[in-house]
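Everything below concerns the one structure shown next.
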Amino acid sequence: MNTISAVIDALDRAPAVVIPLVRQANPEIVKRRPEPREWSIHENACHLAEVHPLFFARLESMLTERHPTIRPYDPGRDDEEDALLKCDLDESMRRFASDRARLVAKLHGLSADDWARTAEHGEYNFYSIFTMFRHLALHDLHHAYRIEELMLRRDWPVPNPVAS
């Protein structure tokens with residue numbers, strides 16, 4: 001993912017990967033945590049919807065300020081321990097899809113100079129708009145992988161059949 005178009009395409013496709021994956025999970029296990037303090041399928045999925053406001057705010061800051069400072073986000077530090085379990089999964093998946101479509105539309109309107117704009121980030125030695133959204137695309141895949149990994153645990157109920 002080293003081109004703007006590849007990043008935008010990955011971001012655009014993410015809901016079509018994640019949402020059916022979540023729907024395939026056996027309902028008995030959707031909120032089951034594999035270990036205390038480890039996220040369930042529900043939490044991994046809802047997290048993807050919950051981070052959009054953060055990325056919209058970062059983008060706006062990076063487009064309107066010269067090299068702003070970005071505060072790192074750590075859900076384990078910044079959120080209540082069970083906050084994501086309280087989210088409505090269906091509503092979160094609807095928001096994930098609609099916010100992502102809005103984000104992709106906004107990203108299509110950025111210039112090459114916009115994509116190169118930078119910020120100071122407390123965790124990284126370099127952070128541009130391109131880096132931020134490549135990171136988000138990889139973040140989507142990370143959580144999709146975690147969802148599938150949980151769904152396929154040998155000691156948990158078998159997932160629903162894949163819709164054709």
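The chain: longest stretch without exposed chymotrypsin sites (Phe, Trp or Tyr not before Pro) (DSSP loop, at most 15 other Cβ within 10 Å), sites themselves excluded?
1-72
Along the Cα→Cβ direction, 7 angstrom out, place labels at K106 and N125. What is the inter-label distance in nm?
Distance between the two pseudo-spin positions: 3.0 nm.
So, R0 is 35 Å and r is the distance between the beta-carbons of D9 and F56; what FRET efficiency does that work out to, to 0.05? Please list the in-between numbers first.
Values: r = 20 Å, r/R0 = 0.56.
So, using R0 = 35 Å, E works out to roughly 0.95.
Calculate the spin-label point distance for R37 paired with D74, positioning each point 7 Å from the Cα along the beta-carbon direction, and give it in nanometres.
1.2 nm
For helix 4-24, report the angle its Cα long axis makes with the longest principal axis of the Cα atoms of the chain; keep it between 0 and 90° and round to the nearest 10°.
20 degrees
Please check the chain for the longest run free of trypsin sites (Lys or Arg not before Pro) that are loop-located per DSSP (anything but H, G, I, E, B) and have at most 12 other Cβ atoms within 10 Å. Walk me through the numbers before you get to the answer.
On the way: sites that count: R37, R66, R153, R154.
It works out to 67-152.
What span do the alpha-carbon atoms of the chain cover on each of the three principal axes, reported in whole Å from largest to smallest?
Result for the chain: principal-axis Cα extents of 51, 37, 25 Å.
Please find the FRET efficiency linking D113 to E91, where r is the Cβ-Cβ separation and R0 is fixed at 41 Å, and quote it to the nearest 0.05. Walk me through the intermediate numbers first.
Details: r = 37 Å, r/R0 = 0.89.
That gives a FRET efficiency of 0.65.
Read-outs: derived from the displayed coordinates by stated rules, not from any lab. Owing to the predicted nature of the structure, the values given are computational and were not obtained by experimental measurement. Cβ atoms come from the backbone with ideal geometry, glycine included; neighbour counts cover every protein chain shown.
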